[in-house]
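Below is one structure, written out as structure tokens, with a few remarks after it.
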Amino acid sequence: MRISCSPGFPGSMIGSIDLRPTKYNQPPSTTSQISQHVDPELISIPYVTDPNFGSHFDAIKMMKGTYQEEFHQSYDVEFTIDVDQKGYITQFEHTFQLERYLDLIRTQSYRVIQTNWRGQSFHVMTYSYMEEVINPSNVIFRCTNAEDVFVVAELVPFRAGGVVEQADNLYLHFRALISARDDLYPIDYMCQPDFDLNLD
């Protein structure tokens, strides 16, 4: 899975995560600077089997609408979160503190967890520290009415420079993807640690 981090606005970094392989995906980056900042032995996306992990999501609120239906209703986003024609998420972008990006890799917080939830098998792809992923204050959106892919998110007030500017304007922070669609989100791709860091 390609997870990139590169300069954005002055003093900030832009992160991008390609959730699915497409014909436009490039091979794993050969110019990434990640091994200059993270021990190569830690650069991985672990695959974990934990049948009980899904029970954490039972305590998290399920939103009424799909991810797209709730957009501009219950949340907004910093940049874009791309979806396909059916509503399944393909890519998302957000501002990224460089040290957070590096630490998420060092702590192997990006991982794929095979678990059970709602009476069926799912894979959970985590994009944050575990305590952020399973925070009961999060919310869950289904991607489509098929209810086979879900987004776990934290909704936080809009901030500028660390100060809350718009308390009623909630922005989505992507924490995890819950998927029963290995055809859309192949496990081999999700577990490929393609961390593309560019500081130039």
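In terms of its C-alpha gyration tensor, segment 66-200 has an oblate overall shape, because the principal axis ratio a/c (a ≥ b ≥ c, square roots of the eigenvalues) is not below 1.5 and a/b does not outweigh b/c.
Taking the charge dipole of the chain about its Cα centre, with +1 at Lys and Arg Cβ atoms and -1 at Asp and Glu Cβ atoms, the residue from GLN36, LEU170, PRO136 reaching farthest to the positive side is PRO136. Please list, in chain and number order, the residues 5+ apart from PHE195 or on another chain whose amide H is under 5 Å from its amide H, with Hs placed from the backbone. Here ILE3 satisfy the definition. 3J(HN,Hα) couplings calculated from phi for segment 129-137 with the Karplus curve 6.51 cos²θ - 1.76 cosθ + 1.60 (θ = phi - 60°) are, in sequence order, 4, 4, 5, 7, 5, 9, 4, x, 7 Hz; Gly and Pro show x.
No value in this document is a laboratory result; all are computed from the given coordinates. Since this is a predicted model, take the numbers as computed values, not measurements. All Cβ positions, glycine included, derive from the backbone under ideal geometry; neighbour counts span all protein chains shown.
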